[in-house]
Structure formats: C-alpha cells, structure tokens
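The values are calculated or read from the model by the stated rules, or taken from the named source; none is laboratory data. What you are looking at is a predicted structure, and each value in this text was computed from that prediction instead of being measured. Because the Cβ atoms are built from the backbone with ideal geometry, glycine has one as well, and the counts that use them run over all protein chains shown. In case anyone asks, the SASA skips ligands and DNA or RNA and just uses the protein heavy atoms, side chains included. Shrake-Rupley method; radii C 1.70, N 1.55, O 1.52, S 1.80 Å.
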Amino acid sequence: MELNSVKELPVDAVETDVLVVGAGPTGLALAVDLARRGVRALVVERADALFPGSRGKGLQPRTLEVMDDLGVLDAVRAAGGPYPMGMIWRDGVRQGEHRMIDEAEPTEAEPYRGTWMLPQWRTQEILHARLRELGEDVAFGRELTGLAQDAGGVTASFTSGPPVRARYAVAADGGRSAVRRALGIGMRGESVDPHPTLVADVRITGLDRDHWHLFPPADGAQLMAICPLAGTEDFQVLAQFPADLTPDPSPEGLRKVVATRSHLTPDAVTEVRWASVFRARTALADRFREGRVLLAGDAAHLHSPAGGQGLNTSVQDAYNLGWKLAAVLGGGARAELLDSYEAERRPVAAEMLGLSTRVHRGEVRRGEATGQLGLGYRDSALTEETRTAPAKDALHAGDRAPDGRPGGVRLFDAFRGPHWTLLAVGTDTRLPTFDGDLVRTLRTPAYEAYGTGVFLVRPDGYVGWAGDTAVGAAGYLARVAGATGRD
C-alpha cells in the first residue's frame, strides 16, 4: 500500500467527513457515535460480511454503560446473558463447580457490575443494525490499496469501488492493520504465552448449557474449556497445545481434540461454525496518530484474550474519539482537541495490556479490576479540578461520572446523548446558560456518589471540570468544545 501526499483529488472520489477502515466492534461503535452526532462517516470493510466468530465474548461493566449511551443496551441484554459457573470434569465425572469471575452486586452508582456474555459476531450485528437505523451502513468488499493525506484531508483507494476523500480517517482494521503499516507506526510488545490455542464456535451435544465446562490437563494434554455462548445454540471451545505443535482447526482436528481431552465422542461435535488458532501476545502502537489518520482498537493495542479487555478497551477508544471528532468537524472545537485522544487512551491501553497479561498468568482474578469502572483521565489536559480541597475519596474531575437517582432523576438518562451535562449537586449556585443543544443543565439534591459541587460531564461520561461553584465552567467549555455560554 502506498502512503504519500495528495497531488490531485480523483474526480470520482466519494466525499465524507470520516473514513473508518474496519467493521469490527471498534469501527462500528465509532460510526454509530458519529452518526448520532450528525457526522458523515463511511465504514469500509475488506471482507464481504461481518466477522463470524466469538473471539471476544465478554462486555465489561464500563462497556455496558457505553452501549447504554449508544442506544443498544436493550438489544445487548436481550441477546446475551451472564457468565455461567465453571464445572470441573475428570474422567467423565463432575468434580464440582468453580467460580470463573468474582461477582459484585449492582449499586445505584454502578448499575452494571457483572461481565455480560455476548459473542463478538452478535455484538457486531447489534451495532451494525444501530448504524443502519441511524441512516448509515458498511461498504463491504472494500480492501484498502492506497492512502494519501495532505493538510486538508485523506484520500483512500480500494481494490473495488471509487476512491474516498475524508477530512479524517480512523484505522480500526485489527492487529494486522494495513493502515498502521502504511503509516510506518511501530508496535512493540511481547509474547504472553508461547503455547498456541485453538478457539472455535461449535454445536455440541452431551454438555449442559448451565456451566462453563473445564477439562484440566491429563496424560500430557493441556487445558480445554467448553463454554456455552449465551443467547445462541453454540459453544466456544478453547484448547491449548504445546509450544512445538500447530493445532489443526479443521472439523476433524477439532473433533479429535474434544474426544481426546473429554469424555465426549467425536460425533458429539455436530457442527463447526468458525475456528482459529492464536498465540497470546501483547503489543502497543508507538503512537495513535499520524496527521489526519488515527488508530483505534486492535490496530493500536493487542491483548491476551484472558480477562476480556481487548474488545472492551477498543470500544472505549471509539467512544473517546467519537465526540472529539464531531466537536472538531462541526462543533466549533479546535483541531488540537484530537491530541487528547492519544494522551488519554494510550496510557489506558498500556494499563489494560498489563492487566490482561496478569489475568492470563493467573496473578489477578477476573472481577473488579477487569470491569474498567475505575479507569479515568485525572492527568488529562482536558481535566480541570478547581475545588480547593476535595476529599481524597471524593469524585474528581477526570473520573467516570456515576449513575444514580438524586431527586428522582436517573443521571444516565440525563447524560444519554451527544451533549455535555452541567450538573449542580446539592448547591444553589447560579449556572451559566449556553447557546444551542451542546450543553444541558441539571440540578439535584446532594448525593453521596458526587458529594456537593458542580460537575461538567463530558459526552463520553467522564467529569471534565469540577468546581464548588459554576464559575469557570463556561470558560472551560469554550476552550475545549467551542461552546458559547454566559455566566
């Protein structure tokens, strides 16, 4: 693929605001977020259809909050289910249950506490349906062959179809990102585990759907796990192999593995719907941006699948980037706002890569740490904490904005949408007024999760600015988002 400067715009080029390369969870979530903000986004996918497998199958609590805001939580809830208890088998006999994930009860501030199982292919279908509902779609069979950029935009060419001219482009084309390679952005990482793993979606008989079935190593074999995929008739098989062996992902090879490592017979596997082989590794791109092209999802960071951090971190990349692109393209914000994308998301990605590795190695349990509710941006240049002495354990600027119903109003309902929310909690301080629909204001009684004060909640659900009074809030919004307000 060529990467060069635009010399002359092709006469047949299709023009759009944002070109999104890749129709995985990252690209689709970004396109949904942009579409609901009125930004033209074209998603191109080199394959002829959405990815068919369950590679990522767990949505963490923070991602469920994102799905709530994007308008797809009901569909996600209807299509999936909670993770089952593990069941340990030996010699065809049940040995007892094993809790796979530490569970916590929902609270008013954190209504989604458990990991929700939803196969990746189904997550993509839901996001794709939402995108079409918003009037946009995916252009399949469009493999990128050339990418060029200049001071005004990006021009892309493909194996088929017309070229595309966009003001910005986002590489959401996976760990082997052609866009990242064309940009010359390096990716540094390490092998987490030298043992190859076979993963497959199958139809299988002889196992209940109430447990995640675990077959510990025996007779020189290695672990195999067979998990019912919630909301489907499928099971996901995971089988690890010695480092010097190459697993056979064919139906015959998969049936042999299942029969060798369990009490099941080969014909218990009635259908193999998708299969793949991987070696767990982590990697982080040296940078998340080159000019008008930005990296998101696996194109920017690769995780071990242990702990379910990859897909979730990727969707949250999109959620961080969507409102910023929209603010720059049509909301009056300066282009420098996009610099905060890498500044905020690359440290989070690095932290989640470390967490994935520790989970893979058995050093950390799946639970509170993997739920991603504690992630935030306190050190971001977009974060302003103006209170003189907030309590150490109080909500700070940069933190995730909690849910709740102070005064009978659900906060997530108030936050839902493409706007900022100016929230006055337990104070009668005078609030500024703003032109247009960019900012909504809300007053509530004092609420433990917030304490008292004034909080500007960003479109992605994080507190951008916090103060004892509203003085300074309008100036902050003018600087960050180009809002016009009056104290």
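Over the chain, what is the relative contact order in percent, taking alpha-carbon pairs closer than 8 angstrom and at least six residues apart? Numbers along the way, then the final one.
Details: 1094 pairs, mean separation 80.0, N = 487.
Relative CO of the chain lands at 16 percent.
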**Report entry** Among LEU456, VAL32, GLN149 the positive-end extreme of the charge dipole of the chain (Cβ point charges)
**Finding:** GLN149
**Report entry** In order through the range 79-84: 3J(HN,Hα) via Karplus (6.51 cos²θ - 1.76 cosθ + 1.60), integer Hz, x for Gly, Pro
**Finding:** 8, x, x, x, 5, x
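State in Å² the accessible area per residue of the chain; use a 1.4 Å probe, count heavy atoms of protein chains only, and round to the nearest integer. Working shown, then result.
Values: 20220 Å² over 487 residues.
In whole numbers, the chain has 42 Å² accessible per residue.
Using the Cα centre as the reference, give the magnitude of the dipole from point charges on the C-beta atoms of the chain (Lys, Arg: +1; Asp, Glu: -1; all else neutral), rounded to the nearest 20 debye. Show your work: numbers first, answer last.
Numbers: 55 positive and 64 negative charges, 69 e Å.
About 340 debye.
Would you calculate a helix-derived [θ] at 222 nm for the chain, using -39,500 (n - 2.57) for each DSSP H run of n ≥ 4 and dividing by the full residue count, to the nearest 500? Each step should come with its number before you reach the end.
On the way: 10 runs with 117 residues, N = 487.
When only DSSP H runs of four or more count, the value is -7500 deg cm²/dmol.
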Query raised in the report: So how much accessible area does ASP248 have, in Å² to the nearest 10, using a 1.4 Å probe?
Result: 80 Å²
Requested in this report: List every DSSP H helix in the chain whose Cα atoms extend 24 Å or more along the helix's own long axis and whose mean Kyte-Doolittle hydropathy is at least 0.0.
Outcome: 310-330
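Among the DSSP beta bridges whose two residues both lie in the chain, what percent are antiparallel, rounded to the nearest 5? The partial results should precede the final answer.
Numbers: 62 of 94 bridges.
Close to 65 percent.
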Report task. May I ask which residue of THR115, LEU50, GLY362 lies farthest towards the positive end of the charge dipole of the chain, with charges of +1 (Lys, Arg) and -1 (Asp, Glu) on Cβ and the Cα centre as origin? Result -> GLY362
Report summary line: With all protein chains present, the chain has a carbon and sulfur share of its accessible area (1.4 Å probe) in percent of 48 percent
Requested in this report: Would you kindly state how much longer the chain becomes between VAL409 and SER276 on full extension, computed as 0.36 nm times their sequence separation minus their alpha carbon distance, in nm to one decimal?
Outcome: 43.2 nm
Report task. Put one equal scatterer on each alpha carbon of the chain, apply the Debye formula with no solvent term, and list log10 I(q)/I(0) at q = 0.06, 0.07, 0.09 1/Å to two decimals. Result -> -0.29, -0.39, -0.64
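Just order 306-316, 13-23 by mean Cβ neighbour count inside 10 Å, highest at the front, would you? Could the numbers behind the result be given before it?
Working: 306-316: 26.5, 13-23: 22.6.
Order by mean packing, descending: 306-316, 13-23.
Note the full-extension length gain between ARG176 and ARG99 as 0.36 nm times their separation in residues minus their Cα-Cα distance, in nm to one decimal. It would help to have the intermediate numbers written out before the result.
Details: separation 77, 0.36 × 77 = 27.72 nm, distance 3.44 nm.
Contour length minus the Cα-Cα distance gives 24.3 nm.
What ranking, highest mean first, results for peptides 274-281, 415-422 when packing means the other Cβ atoms within 10 Å averaged over each residue? If you can, show how the numbers build up before the last one.
Working: 274-281: 16.5, 415-422: 20.4.
The packing order, highest mean first, is 415-422, 274-281.
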Requested in this report: Please turn the phi angles of the range 157-164 into ³J(HN,Hα) values with the Karplus equation 6.51 cos²θ - 1.76 cosθ + 1.60 (θ = phi - 60°), one per residue in order, whole Hz, x for glycine and proline.
Outcome: 10, 9, 5, 9, x, x, x, 10
Query raised in the report: Per-residue accessible area for GLU351 at 1.4 Å probe radius, Å² rounded to 10?
Result: 100 Å²
**Report entry** ASP244 versus GLU448: modelled label distance in nm, points set 7 Å from Cα along the beta carbon direction
**Finding:** 5.9 nm
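If you take every residue apart from ARG281 with its C-beta less than 12 Å away from the C-beta of ARG281, what net charge results, scoring Lys and Arg +1 and Asp and Glu -1?
-1
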